[in-house]
1. Count, please, the residues in the stretch 22-42 that happen to be open to solvent by 40 Å² or more (accessible area, probe 1.4 Å) and either out of contact with any Cys (no Cβ under 7 Å at 6 or more places or on another chain) or assigned to a helix (DSSP H, G or I) (or both).
2. Is it the case that some residue within the stretch 9-21 is surrounded by 12 or more Cβ atoms within 10 Å (Cβ to Cβ) and more than 9 Å from the chain's Cα centre (by Cα)?
3. Checking the conditions here, which among Leu17, Leu51 is at pLDDT 95 or above, of a type outside the set (S, T, N, Q) and more than 20 Å from Glu65 (Cβ to Cβ)?
4. Keeping to the stretch 48-70, report how many residues are among the charged types (D, E, K, R) and either surrounded by fewer than 11 Cβ atoms within 10 Å (Cβ to Cβ) or part of a loop (DSSP other than H, G, I, E, B) (or both).
5. Could you list, in sequence order, the residues of the stretch 25-63 that are over 15 Å from Lys13 (Cα atoms) and hydroxyl-bearing (Ser, Thr, Tyr)?
6. Among (1) open to solvent by 100 Å² or more (accessible area, probe 1.4 Å); (2) farther than 19 Å from Leu17 by Cα, there is one condition Pro45 misses while meeting the rest; what is its number?
Amino acid sequence: MDRPNNKIWCMRKLTGLTQEKFCEVFHVPRRTLQTWETGERTPKPLTLRGLEEAVRIYLNAEQTEKKFKD
C-alpha cells in the first residue's frame, strides 16, 4: 500500500507499534495519526521535528533496554 505521507508511516513502522499504541506513547490523537498517514493532512514542521526526536529517543531507549536484557 502506497502511503502519501511515508515519513509518519515509516516512523511508526520503525517503532513496531500499532496506531493505537503509537498514539498512546507519543500523545497523538488516533484520527490525527490516520490523517497524517493517509496524506489527508500534513503535520506542521515543528510537530514533525518533535515527533522525529521523540521516536529517536524511544528507539534508543528500546535498544538500550534490549542490551541490558541480553
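The values are calculated or read from the model by the stated rules, or taken from the named source; none is laboratory data. Just so it is clear, the structure is predicted and the values come from calculations on it, not from any experiment. Neighbour counts are summed over all protein chains in view; Cβ atoms, including those assigned to glycine, are modelled from backbone coordinates with ideal geometry. SASA here: full protein model, heavy atoms, side chains in, ligands and nucleic acids out. Shrake-Rupley method; radii C 1.70, N 1.55, O 1.52, S 1.80 Å.
1. So in the stretch 22-42, the residues open to solvent by 40 Å² or more (accessible area, probe 1.4 Å) come out as 24-25, 27, 29-32, 34, 38, 40-42.
With the extra rule that they be either out of contact with any Cys (no Cβ under 7 Å at 6 or more places or on another chain) or assigned to a helix (DSSP H, G or I) (or both), the set shrinks to 24-25, 27, 30-32, 34, 38, 40-42.
Total satisfying the criteria: 11.
2. Initial filter on the stretch 9-21 (surrounded by 12 or more Cβ atoms within 10 Å (Cβ to Cβ)): 9-15, 17, 19, 21.
If we keep only those that are more than 9 Å from the chain's Cα centre (by Cα) as well, we get 21.
Yes, some residue in the stretch 9-21 is surrounded by 12 or more Cβ atoms within 10 Å (Cβ to Cβ) and more than 9 Å from the chain's Cα centre (by Cα).
3. Going through Leu17, Leu51 in turn, just one is at pLDDT 95 or above, of a type outside the set (S, T, N, Q) and more than 20 Å from Glu65 (Cβ to Cβ): Leu51.
4. Residues flagged as among the charged types (D, E, K, R) and either surrounded by fewer than 11 Cβ atoms within 10 Å (Cβ to Cβ) or part of a loop (DSSP other than H, G, I, E, B) (or both) within the stretch 48-70 amount to 6.
5. Thr32, Thr35, Thr42, Thr47
6. Among (1) open to solvent by 100 Å² or more (accessible area, probe 1.4 Å); (2) farther than 19 Å from Leu17 by Cα, Pro45 violates only (1).
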